[in-house]
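Reviewing the structure listed below.
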Amino acid sequence: MGNRIGRKSPTANHANDPDPTEISDLRALHLNGREYLQDLQNKLFQTETDRDTLEQELNTVRAWLDRVEAGN
């Protein structure tokens with residue numbers, strides 16, 4: 001049989017295996033990224049809602065000005 005001296009254990013960490021700390025950091029980044037994405041989506045929705053409200057207000061003011069100008 002061959003000499004086993006100097007062989008690495010099959011359970012030994014390899015240089016390419018991720019560090020548990022790195023995995024934890026990646027999970028935190030993923031979670032924070034998801035939260036940030038949700039926050040951006042909420043802001044976009046709010047912006048679109050605000051835009052719709054502003055457009056309605058503009059239309060109301062334009063209609064009011066048209067009535068005022070028609071009365072003069």
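Nothing in this text is a laboratory measurement; each read-out follows from the coordinates by a stated rule. From a predicted model like this one, the values you see are computed outputs, not experimental measurements.
Between residue 24 and residue 47, residue separation times 0.36 nm minus the direct Cα-Cα distance comes to 4.9 nm. Put one equal scatterer on each alpha carbon of segment 24-71, apply the Debye formula with no solvent term, and list log10 I(q)/I(0) at q = 0.30 1/Å to two decimals. Here the Debye-derived log intensity ratios amount to -0.95.
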